[in-house]
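Input: a single structure, listed below in structure tokens.
The values are calculated or read from the model by the stated rules, or taken from the named source; none is laboratory data. This structure is a prediction, so every number in the text was calculated from the model and none was measured. Cβ atoms come from the backbone with ideal geometry, glycine included; neighbour counts cover every protein chain shown. Protein only, heavy atoms only, side chains kept; ligands, DNA and RNA dropped before computing areas. Shrake-Rupley method; radii C 1.70, N 1.55, O 1.52, S 1.80 Å.
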Amino acid sequence: MNKTITEFKNYVERFDTLRKVAATISFDNQIYAPKGGLATRSKRLSFLSLEIFEMITSDKMKALLDELFPIANTLDTVTAAMVREFKKAYNDSTKIPKELVKELSETQTNAFEAWQKAKTENNFKDFAPHLKKLIELRKKSISYRAEKGQNAYEILLDDFETGMNIETYDKLFNEYKEVAVPLLKKIQAKKQLETDYINKHINIEDQKKIVEFISTKLGYDLNRGLIEIAPHPFCMTIDKYDVRITTRYIEKDLFRSFYSTIHETGHALYEQNTADELLGTALNRGASMGMHESQSRFYENMIGRSEEFWDYILDELKTYLPEEFQDLTQRQFYEAANKVEASLIRVEADELTYGIHILIRYEIEKMIFTEDINVEDLPAIWNKKYEEYLGVTPPTDTEGILQDVHWAYGNFGYFPTYFLGSAYAAQFFAKFNQRNIKELIKKGDFKTITAWLTENFHKHGSVYEPKELVQNFIGEQLNVKYYADYLTEKFTEIYGL
Ligand code: ZN
């Protein structure tokens with residue numbers, strides 16, 4: 001048996017190495033690589049993707065899993081988790097016919113291009129047939145994995161966050177909606193905060209210094225990372241010794257790069273702090289999308305948008321800020337960082353309304369997969385929901401249904417994990433606050449906070465499934481009440497409700 005275990009581990013390490021090579025090329029492709037090499041680079045990337053896919057679905061993998069899966073409960077925790085992960089990947093990947101995988105992948109590529117064009121030209125009509133085909137193919141591919149009577153959306157939700165389903169999400173979103181929507185209406189009825197003072201010009205070179213200062217202050221190790229520019233910021237992990245983030249600079253909007261960098265720093269810290277023993281096991285990465293987002297939101301919102309954070313950071317930050325900012329107070333920065341505004345664009349949304357943007361997408365995805373809906377009607381449905389929940393109507397589809405890339409990739413069921421992240425972050429914060437996290441933030445002691453998260457959370461990578469990890473970590477399951485209370489308390493104070 002020991003021989004099989006060694007063989008399995010070596011096989012996984014080879015797989016993991018290939019995946020890291022693909023990730024490096026993909027980052028290169030998005031950030032540095034010359035445009036002229038796109039076609040041949042894409043060939044290399046699809047060659048690697050195919051190799052990776054074949055390793056998961058090979059006869060060798062099957063033989064190894066056939067031996068190890070039945071005895072998984074006798075293996076050590078890490079090896080058992082590796083077996084669990086690859087068994088799931090093997091099952092999911094081998095059930096769908098290869099031709100369908102190919103067709104789906106080609107449809108995605110075309111849909112992405114069509115979406116880019118449609119977004120630029122505000123022309124949903126031209127994107128609609130692609131979206132329709134993607135939905136059909138998704139439903140078809142899921143049907144090979146579904147158990148009798150199981151809805152496709154249930155499986156998609158579980159794909160993006162193990163253990164989640166419609167019933168659980170419905171409950172979470174309803175609880176949130178009952179608090180967030182009335183809270184927003186109350187705020188909208190009050191006098192709005194005047195925060196134009198924050199939108200002063202700061203040149204990009206200074207902003208670069210600021211984001212480097214803030215991300216390293218929070219614990220991001222630049223010796224094992226770097227900060228590049230991307231229109232849609234993201235974090236890319238090669239392994240824990242090479243975790244890269246990107247950000248976006250706008251000259252009259254300091255907070256754009258500031259908060260997007262803190263957000264990505266939260267993702268990066270999770271990855272940089274996985275345990276060394278997980279290298280090469282394919283488990284040296286965050287446990288799930290929702291768990292990952294809980295960390296980015298924790299640093300961005302619970303730390304970065306707190307009053308204590310501004311109390312601590314402003315004096316030091318001012319050394320990087322131009323003259324026009326020098327007279328501003330902590331409270332002014334705090335208010336500007338938390339201004340509530342019902343807006344059209346998800347990625348620009350404030351902390352309170354962000355979840356409403358996700359709620360709308362969740363409700364529409366659910367309709368797509370559980371009702372007989374016409375793709376052509378989706379823009380009208382979208383606009384109606386924005387009017388109902390946020391009180392704003394998109395003047396164009398570019399600012400409406402076409403704004404996000406997710407559906408163009410065929411990624412249905414992804415959005416709700418953003419909501420999970422925010423809700424988990426608030427719950428972790430409440431738990432940690434029993435040990436006075438606010439005091440630590442006020443002192444700038446981010447090391448202690450990160451050490452706590454690392455010990456209970458980061459170092460485990462994806463050894464545990466999300467629900468088990470959370471249970472071990474805070475001794476209970478997700479409860480939206482923490483998030484609702486957090487939002488109510490915070491915004492009641494800021495707006496004097
Ligand atoms: Zn994120």
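A few remarks follow.
- No other residue among Val405, Val347 is within 18 Å of Phe127 (Cβ to Cβ), touching a residue at least 60 places away in the same chain (Cβ under 8 Å), open to solvent by 20 Å² or more (accessible area, probe 1.4 Å) and under 22 Å from the mean Cα position of the chain (by Cα) apart from Val405.
- Any chance Glu455 is over 21 Å from Lys171 (Cα atoms) and either free of Cβ contacts under 8 Å to residues at least 12 places away in the same chain or of a type in the set (Asp, Glu) (or both): yes
- Residue list for segment 98-126, restricted to those being within 25 Å of the chain's Cα centre (by Cα) and of a type in the set (A, V, I, L, M, F, W, C): Val101, Leu104, Ala111, Phe112, Ala114, Trp115, Ala118
- Selection status of Thr450, over 27 Å from Arg346 (Cβ atoms) and buried (at least 17 other Cβ atoms within 10 Å of the Cβ): yes
- Hits in segment 238-249 - residues which are open to solvent by less than 40 Å² (accessible area, probe 1.4 Å) and within 15 Å of the ligand (Cβ to nearest atom): Val243, Arg244, Ile245, Thr246, Thr247
- In segment 250-261, the residues that are without any contact (Cβ under 8 Å) to a residue 60 or more places away in the chain, more than 11 Å from the ligand (Cβ to nearest atom) and more than 11 Å from Ile210 (Cβ to Cβ): Ile250, Glu251, Lys252, Asp253, Arg256
- In segment 286-325, the residues that are within 16 Å of the ligand (Cβ to nearest atom), part of a helix (DSSP H, G or I) and charged (D, E, K, R): Glu293, Arg297, Glu300
The rows are residues; the columns are (1) surrounded by 13 or more Cβ atoms within 10 Å (Cβ to Cβ); (2) at pLDDT below 95; (3) within 23 Å of the chain's Cα centre (by Cα).
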| position | (1), (2), (3) |
| --- | --- |
| Ile5 | yes, no, no |
| Tyr11 | yes, no, no |
| Ile25 | yes, yes, yes |
| Leu38 | no, yes, no |
| Phe47 | no, yes, no |
| Glu51 | yes, yes, no |
| Leu65 | yes, no, no |
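- From the options Lys191, Lys209, residue that is open to solvent by 40 Å² or more (accessible area, probe 1.4 Å) and in a helix (DSSP H, G or I): Lys209
- Among the residues listed as Ser306, Ser294, the single one being buried (at least 21 other Cβ atoms within 10 Å of the Cβ) and not charged (D, E, K, R): Ser294
- Scan of segment 131-151 for residues that are touching a residue at least 24 places away in the same chain (Cβ under 8 Å) and either open to solvent by less than 20 Å² (accessible area, probe 1.4 Å) or in contact with a Ser or Thr (Cβ under 7 Å, 6 or more places away or on another chain) (or both), ordered by number: Leu131, Lys133, Leu134, Ile135, Leu137, Ser141, Asn151
- For segment 268-277, taking the residues that are surrounded by 22 or more Cβ atoms within 10 Å (Cβ to Cβ) and part of a helix (DSSP H, G or I), the one that is farthest from the ligand (Cβ to nearest atom) is identified as Gln272.
- Criterion violated by His232 - all others in (1) in contact (Cβ under 8 Å) with a residue 40 or more places away in the chain; (2) open to solvent by less than 30 Å² (accessible area, probe 1.4 Å); (3) within 18 Å of the chain's Cα centre (by Cα) satisfied: (2)
- Meets criteria (under 28 Å from Thr274 (Cα atoms), surrounded by 15 or more Cβ atoms within 10 Å (Cβ to Cβ) and touching a strand residue (DSSP E or B) at 6+ places or on another chain (Cβ under 7 Å)) for Phe86: no
- Leu283 being more than 16 Å from the ligand (Cβ to nearest atom), among the aliphatic types (A, V, I, L, M), touching a helix residue (DSSP H, G or I) at 6+ places or on another chain (Cβ under 8 Å) and assigned to a helix (DSSP H, G or I): no
- Segment 238-267, residues that are of a type in the set (A, V, I, L, M, F, W, C) and part of a helix (DSSP H, G or I): Leu254, Phe255, Phe258, Ile262
- Index of the failed condition, Ala111 passing every other in (1) out of contact with any Pro (no Cβ under 7 Å at 6 or more places or on another chain); (2) over 30 Å from Ala337 (Cα atoms); (3) open to solvent by less than 80 Å² (accessible area, probe 1.4 Å); (4) not in a helix (DSSP H, G or I): (4)
- Taken together, the criteria exclude Thr417 from residues that are away from the ligand (no atom under 16 Å from the Cβ), buried (at least 18 other Cβ atoms within 10 Å of the Cβ), at pLDDT 95 or above and part of a helix (DSSP H, G or I).
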